[in-house]
1. Just to be sure before I move on: is residue 33 in contact (Cβ under 8 Å) with a residue 12 or more places away in the chain, of a type in the set (A, V, I, L, M) and touching a Lys or Arg at 6+ places or on another chain (Cβ under 6 Å) in the structure I sent?
2. Within segment 61-69, does at least one residue satisfy the condition of being β-branched (Val, Ile, Thr), more than 21 Å from residue 5 (Cα to Cα) and in contact (Cβ under 8 Å) with a residue 24 or more places away in the chain?
3. Applying the selection to segment 104-116, what residues are assigned to a strand (DSSP E or B) and in contact (Cβ under 8 Å) with a residue 60 or more places away in the chain?
4. Where residues in segment 57-76 are modelled with pLDDT of 95 or more and farther than 17 Å from residue 45 by Cα, which of them is most open to solvent (accessible area, probe 1.4 Å)?
Amino acid sequence: QLLVEESGGCLVQAGGSLRLSCAASGIVFSMDAMGWYRQAPGKRRELVADIRSGGSPNYVESVRGRFTISRDNAKNMVYLQMNSLKPEDTAVYYCRAEATGWSHQYLEVWGQGTLVTVSS
């Protein structure tokens, strides 16, 4: 019913910028929230940024001021603009979509992840 797919991860130098994209496809009653998570080697998956329909973006403190999340509701896409990248930003980044199905069921779908590697 719902598919989420990320793209844009690559190798980038410290201090550089990168933009991740996530596309959600499928038929749902409403797309309630979309966000980005990341998981570095040996660490737990953490929220990076998310945004709900009609709400303000939320960011983990370590990326605040450097990353920007944005949504294109008409296309069901979400983006993560990453600036001033640091080696500690290296992780697999996952897109997450939260939606309501046509039977009013709760839907949570994760993308497969895209690897971002920041070199010194």
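The values are calculated or read from the model by the stated rules, or taken from the named source; none is laboratory data. As the structure is a computational prediction, the values presented were derived from the model and not from experiment. Cβ atoms come from the backbone with ideal geometry, glycine included; neighbour counts cover every protein chain shown. Only protein heavy atoms, including side chains, enter the accessible area calculation; ligands, DNA and RNA are left aside. Shrake-Rupley method; radii C 1.70, N 1.55, O 1.52, S 1.80 Å.
1. Details: in contact (Cβ under 8 Å) with a residue 12 or more places away in the chain: yes; of a type in the set (A, V, I, L, M): yes; touching a Lys or Arg at 6+ places or on another chain (Cβ under 6 Å): yes.
Spelling it out, residue 33 is indeed in contact (Cβ under 8 Å) with a residue 12 or more places away in the chain, of a type in the set (A, V, I, L, M) and touching a Lys or Arg at 6+ places or on another chain (Cβ under 6 Å).
2. Keep residues of segment 61-69 that are β-branched (Val, Ile, Thr), which gives 63, 68-69.
If we keep only those that are more than 21 Å from residue 5 (Cα to Cα) too, we end up with 63.
Remaining after also requiring in contact (Cβ under 8 Å) with a residue 24 or more places away in the chain: 63.
Taking every residue of segment 61-69 in turn, at least one turns out to be β-branched (Val, Ile, Thr), more than 21 Å from residue 5 (Cα to Cα) and in contact (Cβ under 8 Å) with a residue 24 or more places away in the chain.
3. Here is the first cut: in segment 104-116, the ones assigned to a strand (DSSP E or B) are 106-110, 114-116.
Passing the criteria: 107, 109, 110, 114, 115, 116.
4. Residues of segment 57-76 modelled with pLDDT of 95 or more: 57-70.
Within this subset, residues satisfying the condition of being farther than 17 Å from residue 45 by Cα are 57, 64-70.
Working: 57: 54, 64: 123, 65: 81, 66: 30, 67: 5, 68: 72, 69: 9, 70: 48 Å².
In this case the residue turns out to be 64.
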